[in-house]
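Remarks on the structure that follows.
Bear in mind that the values in this text are calculations on the coordinates, not laboratory data. This is a predicted model, so every value here is computed, not measured. A quick note on method: Cβ atoms are made from the backbone with ideal geometry, for glycine too, and the neighbour counts reach across all protein chains shown.
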Amino acid sequence: MTDPNWTIAVHGGAGRLTRQTLTPEQDAGARAGLTAAIAAGSGILVNGGSALDAVEAAVRVLEDDPHFNAGRGAVLTHAGAIELDAAIMDGATRAAGAVTGVTATRSPVALARAVMADGRHVFLAGVAADVFADDQGLERATPGWFETDERRRQHAELIASGGDGFDVDMKYGTVGAVARDAAGHLAAATSTGGVTGKRWGRIGDSPVIGAGTWADDRSVAVSCTGSGEYFLRVGVGHEIDGRVRLAGATLPAATDAVLAEVEALGGTGGAIVVGREGPAHWAFTTPGMSRGMLSAGGAAVVAIYGDEGG
Ligand code: ASP
């Protein structure tokens with residue numbers, strides 16, 4: 001018999017998400033993707049599966065969905081390439097795996113999981129990370145699989161405007177999941193293409209353990225989205241953990257305080273957080289964040305804009 005106390009939350013990126021900036025197709029597509037991700041993750045949790053398996057499964061769904069900036073549909077670098085980042089962390093053991101600059105592996109989060117399972121290293125980069133994926137027998141993908149017309153259009157707009165390194169439309173689109181399983185274990189996973197027009201091997205917060213991704217059974221699991229440079233400088237995941245674990249803050253108080261620190265430095269974004277008890281929590285300082293949540297015995301909530309869905 002499983003403890004009914006499981007919960008999962010997913011995000012598909014924070015940003016300037018309003019009913020004016022999203023087309024009906026983008027709105028419906030994002031909601032369908034979030035719903036499918038929750039179904040994939042909760043299907044594992046309801047059967048007594050692990051939080052780790054649930055967050056990986058949820059993120060894989062979103063990586064394959066071109067509505068989000070991860071895997072298929074990832075943003076393009078300044079040079080017009082795809083460079084993918086991902087991380088996963090197991091709150092029970094604080095084992096973690098992360099990859100950056102991946103170009104040829106279909107599921108970066110599966111690769112991060114393989115790095116974690118292998119256990120020799122935590123963080124692999126670039127071409128060599130794809131070689132490790134081959135060694136692990138993970139599925140490859142070509143640039144043609146990852147690239148979409150809409151991302152090429154955004155890239156062209158960025159180059160034409162002489163812009164540099166930040167999302168043209170400030171819709172971040174990174175994906176992530178956090179979960180607590182029936183055994184009370186926590187896990188987090190995040191996957192992203194980074195920001196449009198990034199250069200020089202730029203790495204954001206998403207694959208950095210303690211920044212965009214964090215899980216510790218003693219306190220919280222966190223997955224972030226937003227202006228990665230600022231999330232890195234605040235160490236958002238670990239900072240939320242510290243406030244909960246060491247200062248006894250509630251999830252909402254800790255998350256709000258840390259996002260306020262990000263804002264004070266000039267950054268915006270959001271986070272999904274799950275603790276040892278209760279439902280998952282989310283917060284964001286942008287007009288919207290694509291997000292969804294489901295707890296045992298409850299109904300799934302899926303929302304995008306700031307004025308809906310709690
Ligand atoms: N945080 C991500 C990064 O800086 C972007 C995002 O959230 O979409 O790479």
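If you filter the stretch 214-287 for GluC sites (Glu not before Pro), then keep DSSP loop positions with at most 10 other Cβ within 10 Å, what is left?
Details: sites: E229, E239, E261, E263, E277; in loops: E277.
Filter output for the stretch 214-287: E277.
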_Phi-based couplings in Hz for the stretch 178-185 (Karplus 6.51, -1.76, 1.60; Gly and Pro marked x)_ = 10, 8, 10, 9, 5, 8, x, 8
_Distant-in-sequence amide H partners of T286 (H built 1.01 Å from N, under 5 Å)_ = G15, G269
*When ranked by the protection proxy of mean other Cβ atoms within 10 Å per residue, highest first, what sequence do the peptides 30-36, 49-55 form?*
49-55, 30-36
*Tell me, what is the Rg over Rh of the stretch 96-190, with Rh the Kirkwood radius over Cα pairs?*
1.06
*Could you list the residues of the stretch 96-124 with an amide nitrogen less than 16 Å from a label point located 7 Å from the Cα of A183 in the Cα-to-C-beta direction?*
96, 117
*Output ³J(HN,Hα) for the stretch 99-113: one whole-Hz value per residue in order, computed from phi by the Karplus curve 6.51 cos²θ - 1.76 cosθ + 1.60 with θ = phi - 60°, and x for Gly and Pro.*
9, 9, x, 7, 10, 9, 10, 4, 10, x, 6, 5, 5, 4, 5
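Say R0 is 30 Å: what FRET efficiency, to the nearest 0.05, do E25 and W145 get from their beta-carbon distance? The partial results should precede the final answer.
On the way: r = 21 Å, r/R0 = 0.69.
Here the calculated transfer efficiency is 0.90.
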_Students often get this wrong: which residues of the stretch 199-223 have the backbone nitrogen under 16 Å from the point 7 angstrom along Cα-to-C-beta of H121?_
207-209
*asked:* Using C-alpha positions alone, give me the convex hull volume of the stretch 82-142 per residue in cubic angstrom.
replied: 63 Å³
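Eigenvalues of the Cα gyration tensor times 5, then square-rooted: what semi-axes does that give for the stretch 199-310, in whole angstrom, largest first? Show your work: numbers first, answer last.
On the way: eigenvalues 93, 61, 33 Å².
Computed over the stretch 199-310, the values are 22, 17, 13 Å.
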*Relative compactness, the chain, computed as alpha-carbon Rg over 2.2 N^0.38 Å*: 0.89
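Would you mind putting 196-208, 12-24, 297-309 in packing order, based on average other-beta-carbon counts within 10 Å, highest first?
On the way: 196-208: 22.3, 12-24: 18.8, 297-309: 14.2.
Answer by packing, highest mean first, reads 196-208, 12-24, 297-309.
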